[in-house]
Amino acid sequence: MSSGMGSRCSGAARLLRTMTFWLVASFFPGVQPQVVLVNDTISGFIGTDVVLHCSFTNPLPSVKITQVTWQKATNGSKTNVAIFNPTMGTSILPPYGDRVVFRNPSFRDGTIELSRLDLDDEGVYICEFATFPSGNRESQLNLTVLAKPINSMETSSGPIIATPGMTEKIVVATCTSANGKPASSITWETTLKGQPEYEEIKNPNGTATIISRYRLVPSREAHRQTLTCVINYQLDRFTKSTTLNVHYEPEVSIEGFDGNWYLKRADVKLTCKSDANPPATSFHWRMLNGSIPENAVIQNTTLFFKGPVTYSLAGTYECEVVNAIGTRSWVVEVNVTEFPFIPTPTGQQDRTTVPAIPMAIIGGVVGGVVLVLVVAIVLFVVLRHRHHTFKGDYSTKKHIYGNGYSKAGVPQHPPVSQSLQYPEDSDDEKKLGQLTSSYEEEEEEGRKPGPKYVDESRRPYLTMDEGDTQEYSDERTLDFQYEPEQLDMVDSMVSQKDGSFISKKEWYV
C-alpha cells in the first residue's frame, strides 16, 4: 500500500474521531472531550515516504499544551522518535536523524513525515500531547513497511537434451520472487506436460523469497514450446516467458514412393526428410538387399533415378541421418509393377469396408430368384387344379385303367373267356341275385366287398393290392376269374371324367 493510500486511511480515521466528538458534544453539552486523532494504520514500501497524522481537538483556554512527542513501542518499551516543544523547538532522535520532520508543528497539529522507509521502521507509533493541568493525551497507530520483491526467471544454463528412453524430469526453468513482504504467489502458464515445485524461504528481516522450478521430461514435442512464469504481488502482476530449446536426435522419413512405380515410368526419386535439433550434419543412402542402381544419383538429401523405371529399382532403401545428438535411419520397400495402378475415385474408396459385387452376379442372383418364384407358382396352380378335378380316393392300390393292363408294361388282357355260360333258364334277375348273394357272403365273412360289374370287359379299372403277388402266363397275361353276373352290371353305370363310375339312378337324380 502506498503512502497516498495510508493518507486516505488516516483521513477516514480522523473523520471518524471528529464525528464521535460532535456526537458526544451533542448528547452531553456540558462535556468538552479532548481527543488526539491519528491514523489507525498506514503502510509504505521500502524507500518511500509516509506521513503520520496527529492532531489535538478542543483545547480549552485553561489548558496549556507543553509538548508533542512521537514514540515507538518496541517490546513493551517506548523509544522517543521526535519532540516538539513550543519553547525548545523540535528535536529528532537517532536513528531517524534527518528522516523525520514535523509538517506544521503547533498546539493543535503534531503531524510528522518519515522518509526513506526501512523495514526496521515498521511498528507501533504513539502520538502524545502533554497538557497542563489536564495531563497527557495520546493515540497510537500501526506502521507497516512493505517490500516489493525482486522477480526473475532463469532457464537451464546448458541445452536441454532429450535422450531416447529418458523418463527422469529435469528442471527447465526457475522463477524467483525474492525478498518480498508479504510473500508473492507464483503460477505457470504453458501447454507443456510438466510439473512445478515450490519453495519458500523466510528471511530474518521479515521478507520472504519464493522459488518455483518447472520440471519435465525433455522430448522432441517440447521443443519451441513457450513457458511463462506469472508472479502476483499485491495488485502487481509480473510475467516472464521463455521458449524451450530442446536438442534431440533426428526424426527420419522417406518420401517419393507412392506405391505406383511401373515399368517405363519416368522421373522417380526418393527424398530423405529429417527433423533434428541441432540440424543434421550428414545423410547416407544404402540398399539393404543389394547395391544402389547405377542410374541413381544422390543430390543433397534426394536420390534421383535417371531414365525409365526398370525392375532393377525394386528393393529396400535406407536413409541414415546423423546430428550431434545421435543417429537415426528409415527404410522404404520399393516395388515395381508391369502396369500402372489406377486408383478408384475418392467416393468409392470411402466404401472399401464393403467389397464391390459385380453387376453380373447381382443379375444372376435376381434372375434365379425370379425363376424359382415362377416355378413355385406353376406348381401351385397345377396341384390346385388336380385337387379340384380329382373326385376319387387315393389308396395303396395300383390302378390299371381300361380293360387292359398296359400300365407299367403289362400287356393287354386277353378277351373274356367265352366259356362263361349260364343255364338257359336263368334270367337277368337270377344272375343279379347271384351277384348280390355273393356280395353279401363277402360282407358276412368280414371281407370288404368288391364292386359288382355285369360286364367285366367294361370295367373302368381293376385293382390289386401292392402286397399281392400276381403270376403271369407265358403270354404275359394276368389270370383273373370273372363272374358272368358282373358283366351286365356296367350297363347300369355312368362313366365320370376322373375314370370312376356312378349308377344311372344317382346320375339322373
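If you check T57, T131, which single one turns out to be polar (S, T, N, Q), farther than 30 Å from Y233 by Cα, open to solvent by less than 60 Å² (accessible area, probe 1.4 Å) and touching a helix residue (DSSP H, G or I) at 6+ places or on another chain (Cβ under 7 Å)? It would help to see each step written out before you state the result.
Details: T131 fails: touching a helix residue (DSSP H, G or I) at 6+ places or on another chain (Cβ under 7 Å).
Checking each option against the conditions leaves just T57.
Within the range 356-379, the set of residues being modelled with pLDDT of 75 or more and among the β-branched types (V, I, T) comprises V365, V366, V369, V370, V372, V374, V375, I377, V378.
One residue stands out in the range 24-51 among those that are within 60 Å of the chain's Cα centre (by Cα) and of a type in the set (S, T, N, Q): the one that is modelled with the lowest pLDDT, namely T41.
Based on this model, can you work out whether N232 counts as on the phi > 0 side of the Ramachandran plot and at pLDDT 95 or above? For N232, the condition - on the phi > 0 side of the Ramachandran plot and at pLDDT 95 or above - is not met.
Just to be sure before I move on: is P105 open to solvent by 30 Å² or more (accessible area, probe 1.4 Å), closer than 23 Å to N58 by Cβ and out of contact with any Asp or Glu (no Cβ under 9 Å at 6 or more places or on another chain) in the structure I sent? So P105 passes the test. Taken across the range 243-264, residues that are under 30 Å from A178 (Cα atoms) and open to solvent by 30 Å² or more (accessible area, probe 1.4 Å) do occur, with at least one present.
Each residue in the range 284-311 was checked for being over 43 Å from the mean Cα position of the chain (by Cα) and not in a loop (DSSP other than H, G, I, E, B), and 7 of them qualify.
In summary, L227 fulfils each of the numbered conditions (1) in contact with a helix residue (DSSP H, G or I) (Cβ under 8 Å, 6 or more places away or on another chain); (2) open to solvent by less than 60 Å² (accessible area, probe 1.4 Å) with the single exception of condition (1).
For R116, are the conditions met, namely being in contact with a Lys or Arg (Cβ under 7 Å, 6 or more places away or on another chain) and open to solvent by 70 Å² or more (accessible area, probe 1.4 Å)? The answer is yes for R116.
Name the residues in the range 211-238 that are touching a residue at least 40 places away in the same chain (Cβ under 8 Å) and over 25 Å from P164 (Cβ atoms), would you? Break it down into steps so the answer makes sense when it comes.
Step one: list which residues in the range 211-238 are touching a residue at least 40 places away in the same chain (Cβ under 8 Å), which gives 213-220, 222-223, 227-234, 236, 238.
Once the filter is applied, which keeps residues that are touching a residue at least 40 places away in the same chain (Cβ under 8 Å) and over 25 Å from P164 (Cβ atoms), the range 211-238 yields T228, C229, V230, I231, N232, Y233, Q234, D236, F238.
Against the test of being of a type in the set (D, E, K, R), modelled with pLDDT of 95 or more and surrounded by 13 or more Cβ atoms within 10 Å (Cβ to Cβ), the options K202, K240 yield a single qualifying residue, K240.
Pairing residues of the range 292-311 that are free of Cβ contacts under 8 Å to residues at least 40 places away in the same chain with residues that are open to solvent by 50 Å² or more (accessible area, probe 1.4 Å) and outside any strand (DSSP E or B), at Cβ distances under 7 Å and at least 6 apart in sequence or on separate chains, gives P293/S312; N295/K306; V297/K306. Is it the case that some residue within the range 65-75 is touching a Phe, Trp or Tyr at 6+ places or on another chain (Cβ under 7 Å) and free of Cβ contacts under 8 Å to residues at least 40 places away in the same chain? Taking every residue of the range 65-75 in turn, none turns out to be touching a Phe, Trp or Tyr at 6+ places or on another chain (Cβ under 7 Å) and free of Cβ contacts under 8 Å to residues at least 40 places away in the same chain.
Residue-wise test of (1) within 30 Å of L244 (Cβ to Cβ); (2) modelled with pLDDT of 95 or more; (3) basic (K, R).
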| site | (1), (2), (3) |
| --- | --- |
| S91 | no, no, no |
| P95 | no, no, no |
| D109 | no, no, no |
| P133 | no, no, no |
| S152 | yes, yes, no |
| S157 | yes, no, no |
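The set of residues in the range 271-281 being in contact with a Ser or Thr (Cβ under 7 Å, 6 or more places away or on another chain) and over 18 Å from P164 (Cβ atoms) consists of T271, C272, K273.
Looking at the range 266-283, which of its residues are among the aliphatic types (A, V, I, L, M) and in a loop (DSSP other than H, G, I, E, B)? Outline the logic, then answer.
Narrowing the range 266-283 to residues among the aliphatic types (A, V, I, L, M): 266, 268, 270, 276, 280.
Once the filter is applied, which keeps residues that are among the aliphatic types (A, V, I, L, M) and in a loop (DSSP other than H, G, I, E, B), the range 266-283 yields A266, A280.
So which residues in the range 270-304 are open to solvent by less than 30 Å² (accessible area, probe 1.4 Å) and β-branched (V, I, T), if there are any at all? Of everything in the range 270-304, those that are open to solvent by less than 30 Å² (accessible area, probe 1.4 Å) and β-branched (V, I, T) turn out to be T271, T302.
Of the residues contained in the range 305-324, one or more are found to be surrounded by fewer than 16 Cβ atoms within 10 Å (Cβ to Cβ), modelled with pLDDT under 95 and within 29 Å of P164 (Cβ to Cβ).
With G76, G97, G47, G123 as the choices, which residue is surrounded by 13 or more Cβ atoms within 10 Å (Cβ to Cβ) and closer than 28 Å to N205 by Cα? Break it down into steps so the answer makes sense when it comes.
Working: G76 fails: surrounded by 13 or more Cβ atoms within 10 Å (Cβ to Cβ); G97 fails: surrounded by 13 or more Cβ atoms within 10 Å (Cβ to Cβ); G47 fails: surrounded by 13 or more Cβ atoms within 10 Å (Cβ to Cβ).
Exactly one residue qualifies, and that residue is G123.
Take T191 and decide whether it is exposed (fewer than 15 other Cβ atoms within 10 Å of the Cβ) and of a type in the set (V, I, T).
On the way: exposed (fewer than 15 other Cβ atoms within 10 Å of the Cβ): yes; of a type in the set (V, I, T): yes.
Considered against the rule, which asks whether it is exposed (fewer than 15 other Cβ atoms within 10 Å of the Cβ) and of a type in the set (V, I, T), T191 comes out as yes.
The residue that is nearest to P149 (Cα to Cα), among those in the range 205-224 that are surrounded by fewer than 19 Cβ atoms within 10 Å (Cβ to Cβ) and under 31 Å from the mean Cα position of the chain (by Cα), is R215.
The values are calculated or read from the model by the stated rules, or taken from the named source; none is laboratory data. This is a predicted model, so every value here is computed, not measured. Using ideal geometry, Cβ is built from the backbone for each residue, glycine included, and neighbour counts are taken over all protein chains shown. The protein model used for the area step is the full one, side chains on, heavy atoms only, and it has no ligands, DNA or RNA in it. Shrake-Rupley method; radii C 1.70, N 1.55, O 1.52, S 1.80 Å.
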